[in-house]
Each structure stands twice: as structure tokens, then as C-alpha cells.
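See structure below.
The values are calculated or read from the model by the stated rules, or taken from the named source; none is laboratory data. What you see is a predicted model, and the numbers here were worked out from it, not measured in a lab. Neighbour counts run over all protein chains shown; Cβ positions are idealised from the backbone, glycine included. When the accessible area is computed, the model is the full protein with side chains, heavy atoms only, and any ligands, DNA or RNA have been set aside. Shrake-Rupley method; radii C 1.70, N 1.55, O 1.52, S 1.80 Å.
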Amino acid sequence: MLNKRTIIIIGAGVTGLSTAYRLAKKKAGKIIVFDKRKTGDGSSSRAAGIITGLLWSKTGIEARKVALRLFRELSSELNGYRFQDVGTLNLLDQQSWEQRKLLLPLYEQCGAPFEILTEKEMRTRWTDLCPSGELVGLFDPLGGYSEPEDYLAALKMACIKLGVDIREEEPVKDFVLRSGSIAGIITERGLIEADAVISTVYGWTNVLFSRLGLKLPVKTVVHQRYVTEPLKKMIHIPAVNADPFYGYCRPAAGGRLLFGIETSEREEWRVSDMDFRIDDLLRSPDPRYTETVLKEKIRDNFSSYFPPIKDLRWESSKTGLLTFSMDGEPILGPVAEVPGLFVGVAFHSGGFAYNPVSGLLLAELATEGKTSVNIDAFSPSRFSNEQTEKYLAETVQQKNVAKRRH
């Protein structure tokens, strides 16, 4: 019977917890989540939390439509969490606009609402913004943001109330196979048998999968974001994906603002072992990418578009990792070589934005073997071994990964 099954999830970030939440609501059996550290200790607690439905592929758009709906539903389901539906403004220069406008018919076909805004229209709607006449605004009225800390705490508590067994600081050491199929995992406590295992560990994926002799074409890059002190004057802006300024910004809790900055010349960061911790990124920093340098870069990049930034003071910072696949699309689905193993990884800079729907899809796969959204385009099997080996062998700079923001 379905409710007698045991399903193990590796990784207690937003994707892992969302998967556990959906499985528990389905009464799918015993759900155990393992993490080598605390809940959300990886990139989830360091996310920007911005979401837009205006993506680059039909599959991505359809999946994000579901995510946007679920974020709003979760605002009433989770105690202490609320989706901030301020909309998301995607700023584009003329070159990127020429590429993006080719997707407008697809947005219309998929029922993803949007508005095209001129410089004057953006200034009128958000008087604190000062875009130049060369910029085009592609506004997603359904977009917005979440505060990761609030979301993680609320989602974790909801999982526990539903009976999910969350085991923090218990790293997974290996997989157990029987006749080539998943039979469980091994931790310091020994063997835990399972009918299905779902991996959601992002930057650690290939290190973990090496136990099975598997590889996925995933690159990991460093990501940093900064939050200001509370503002003296309330500023009203949407969440903004500002590619021409190599970053993003949004309102933040307590009358603050959050900014993220891209370090396009920095090479990928290779996670080489499971003992790697995100905090290791802060040790022996490259002098080109210290907090002082990057904070000034944010001021320089954003000052022409958002003049108030000149007088803002910084309060906190967080550094994390983003994972990108070879083609920029997520990798989500069953691992064909190992029946019973599923993976959800490589959500570009939108892992937080995808998480309600990625959790739903992984839960559907583990219980029903099919999904409510066609995700063939996300299949781990879409890459050949030769493509994967070639991609992983080369070292790339951040500017050369398939850029996808939120």
C-alpha cells in the first residue's frame, strides 16, 4: 500500500522541504528528510526570494504559473509566512529586449500576464526609480518575493506537524541498491531502507551522485546579496531583475532593501566533497570580490537607475551558491540509471522561485510516476554522457553560464 512506503529526501532546503510537505499532504507514507547541517543552511537561507513567471521556455512558464499560485496558497496554509505580491519588474536593455520580445507570443499562449513599460511609465508608477530611455520594463503583475527566513521556518513547522521526520546534522554517506534499484541510504546511524530517494542538494549533487558513478552537467557559481539598514523614508518599488545593472533589488522586511550583485568575471566554484560548507566561501576571499568592493559596485551600478542607493547604509550580507545546467533549464525527474532515485537541481538563480512547484512535481513522480505539468524538457536524461563529460571538464566564468535570473 502507498501509505506504507518510506520516501527519503536528501537536503532540507526549500526544495527538499517543499517535497516533504507535498508528500505528507498526500499521506504518501513515512517521509524522512536528511541534511548534513541545519534546515536551510545551504543556499536556501541566502536566496533573494524573488519570483517571476516570465521565463524562457514553455515548460518553465507552465511550472512557474503553478508556483505563483502555490505561493499565494501557502500564505494561508503556513503560519508566519506571506507572499509579497508587489509584482516583478524585469529591466532590459535594447539588446536583451530584442531577444525577450520574441517570447511575448509564448507568454500569451501560456496565459502568463505581462505589461511592457516605457521609461516614462516606469517613473510614473514607481517614483523612486529613474530608468533611462534606453531601458524597457517587462512587468509581471503576478510576481513578487518572499522572505526566505520566514518561509523556511514556516515550511519546516508545517512539515513537522504533518509527521515528517527531519533529521538535521545527519549526512548521507552512501546509497544502497538492490538489483540496480534504490533500496535506501546509509548515514552514521547505519542503513535506512526506502522505496524512493529524492536528492535536492544543489551544489553537492555530483559529489553525492559519484557514489553511484553518475554525473549531471551542473555548474555552481558564487552568489552574494546585501540588505540595507531600515530606511528613514518608505520607498515603494517592485521586485526588480536588473540585468543591465548586473543584479537585482527588492523591498525587504522592516523597511529595508535587498540587493544582489553578479560577479561575471569570477570562475565557477567547484564543490569537491560533501564536507564543504557555504561559510567556506568567506574564507580567504578573492580581493576582487570582497564585501567592500561588491557593495561599492552595487552603488555604482544602481545609482543611475535608483538614486536613493547613494545614501543607503548596509546592515547584513549573505553569500551562497547557484547551480546552472548546461542549457540553463532545471534538472528535475527520475534518474533513469537508478530506478527509485529522483533529482531536483540546477534551478539557475530561481531555486527559491521554483520550490513550491518543484516539490509538488517531485512528490507526484515519487507517488504516481507522472506529473501534472509536462516536464520532459527538465528530464535528467536529456543530456548524453559525452555532453556531460565535456561540460564538466571545462572551467567557465559566471558570464558564460546560461544566464537565468529568478
(request) Could you work out how far apart the two model spin labels at Thr290 and Ser384 are, taking each label as a point 7 Å from the Cα in the direction of the beta carbon, and quote it in nm? (result) 4.8
(message) Could you work out what % of the accessible surface of the stretch 1-151 is carbon and sulfur, using a 1.4 angstrom probe and leaving DNA, RNA and ligands out of the count?
(response) 49
(request) Leaving out ligands and nucleic acids, note down the accessible area per residue over the stretch 254-406 with a 1.4 angstrom probe, in whole Å². (result) 44
(message) Rounded, prolate or oblate for the stretch 74-130? Axes are the square roots of the Cα gyration tensor eigenvalues, ordered a ≥ b ≥ c, and the cut-off for rounded is a/c under 1.5.
(response) oblate
(request) Can you send over the carbon and sulfur percentage of the accessible area for the stretch 249-346, probe radius 1.4 Å, protein chains only? (result) 50
(request) Return the tail of the calculated pair distribution for the stretch 195-299, meaning the percent of Cα-Cα pairs more than 17 Å apart. (result) 65
(request) Could you work out how far helix 291-302 tilts from the main Cα principal axis of the chain, as a 0 to 90 degree angle to the nearest 10? (result) 50
(request) Would you tally the net charge around Lys161, using a Cβ to Cβ cut-off of less than 14 Å, leaving Lys161 out, and scoring K and R as +1, D and E as -1? (result) +1
(request) Kindly report the accessible area of the stretch 55-178 per residue (heavy atoms of protein chains, probe 1.4 Å, no ligands, DNA or RNA), in Å². (result) 47
(request) Highest first, please rank the peptides 7-17, 316-326, 356-366 by the mean number of other Cβ atoms sitting within 10 Å of their residues. (result) 7-17, 356-366, 316-326
(request) Considering only Pro380, Pro217, Pro285, give the residue with the highest GNM mean-square fluctuation for the chain, with springs between Cα atoms whenever their separation is below 10 Å. (result) Pro285
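What does the convex hull of the Cα atoms come to per residue for the chain, in Å³?
In the chain, the Cα convex hull volume per residue is 133 Å³.
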(request) Hand me the chymotrypsin sites (Phe, Trp or Tyr not before Pro) from the stretch 326-389 located in a DSSP loop with no more than 12 other Cβ atoms within 10 Å, in residue order please. (result) none
